[in-house]
Amino acid sequence: PHVLTPEQVMLESKVCGDHALVYDCEGYFMGVGIAERLALEGKRVTYVTTNSHPGQYMHFTGELARLHARLHELHIELVTERYLAEIRPGGATGVSVWVEDDTRELAADSVVLVTQRLSNDTLWRELHAEGVSLKLSLNLSTRDLLDQDLPAKFDTLLVKQRVPAEAFCLEITESAIM
């Protein structure tokens, strides 16, 4: 397969092509860890993130400088501030998070998607039903903040998920406003 999940790469040992593209929307260690593993296996690796630098959250843990040095040492190509608009056999199209018509073709045999997971909110719903007041946090990206339809999308989401607006805590990441 040319599109893989982190679980397939790490747990199931699915084989990537010789040139792997790791698309990281998580911003912590999973994406960069997979990129490192694939590079150590002899793969040519392109790391793509919507953030301004890989492993963005590691800024808060003090790991960022070592991480950047390691990625450079392994000759991992870094493509930042881009999202993937299309994935196809042989590569993907990366689009600037700032300028929609700024596209870049990215060659790759395999794409590993380190993206959002479906949440399991059963415990929150049970506690909420018992009257326990908890907050659900939602991180907003730069792209979210630039989306003029965000309030309407958020309203639709609240209605669909049957969650009261006061239960949400919207978090604007530091990188989103820099």
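Here is a yes/no grid of residues against (1) modelled with pLDDT of 90 or more; (2) part of a loop (DSSP other than H, G, I, E, B); (3) under 23 Å from Met10 (Cβ atoms):
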{"position": "Thr46", "(1), (2), (3)": "yes, no, yes"}
{"position": "Pro54", "(1), (2), (3)": "yes, yes, yes"}
{"position": "Leu71", "(1), (2), (3)": "yes, no, yes"}
{"position": "Ala85", "(1), (2), (3)": "yes, no, no"}
{"position": "Gly94", "(1), (2), (3)": "yes, no, no"}
{"position": "Trp98", "(1), (2), (3)": "yes, yes, no"}
Say we look at the range 146-178 and pick out the residues that are aliphatic (A, V, I, L, M) and within 16 Å of the chain's Cα centre (by Cα); which of these is modelled with the lowest pLDDT? Ala176
Every pair of residues 6+ apart whose Cβ atoms lie under 8 Å, when the first sits in the range 114-134 and is farther than 16 Å from Arg162 by Cα while the second is open to solvent by 60 Å² or more (accessible area, probe 1.4 Å) and at pLDDT below 70: none
Scanning the range 65-100 residue by residue, those within 14 Å of Val32 (Cβ to Cβ) and in contact with a Phe, Trp or Tyr (Cβ under 9 Å, 6 or more places away or on another chain) turn out to be Leu67, Leu71, Ile76, Glu77, Leu78, Val79, Thr80
Tabulated pairs, the range 138-164, first farther than 25 Å from Gly27 by Cβ, second assigned to a helix (DSSP H, G or I) and charged (D, E, K, R), C-beta under 9 angstrom, 6+ apart or interchain: Arg162/Arg125
When you go through (1) open to solvent by less than 60 Å² (accessible area, probe 1.4 Å); (2) under 14 Å from Leu84 (Cβ atoms); (3) not hydrophobic (A, V, I, L, M, F, W, C) one by one for Arg104, which number turns out not to apply? (1)
Residue list for the range 9-42, restricted to those being open to solvent by less than 70 Å² (accessible area, probe 1.4 Å), in contact (Cβ under 8 Å) with a residue 40 or more places away in the chain and either assigned to a helix (DSSP H, G or I) or farther than 27 Å from Thr61 by Cβ (or both): Val9, Cys16, Gly17, His19, Met30, Gly31, Ile34, Ala35, Glu36, Leu38
Suppose we filter the range 81-101 for residues that are crowded, with 16+ Cβ neighbours inside 10 Å and without any contact (Cβ under 8 Å) to a residue 60 or more places away in the chain; how many remain? 5
Answer yes or no: is there a residue in the range 48-67 that is closer than 11 Å to Val112 by Cα, buried (at least 19 other Cβ atoms within 10 Å of the Cβ) and touching a strand residue (DSSP E or B) at 6+ places or on another chain (Cβ under 8 Å). yes
Which of the residues belonging to the range 132-153 are more than 17 Å from Cys169 (Cα to Cα), charged (D, E, K, R) and open to solvent by 60 Å² or more (accessible area, probe 1.4 Å)? Arg143, Asp149
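The values are calculated or read from the model by the stated rules, or taken from the named source; none is laboratory data. All figures in this text were calculated on a predicted structure; none of them were measured in a lab. Cβ: placed from backbone, ideal geometry, glycine included. Neighbour counts: every protein chain shown. Surface accessibility is based on the protein's heavy atoms, side chains included, excluding ligands, DNA and RNA. Shrake-Rupley method; radii C 1.70, N 1.55, O 1.52, S 1.80 Å.
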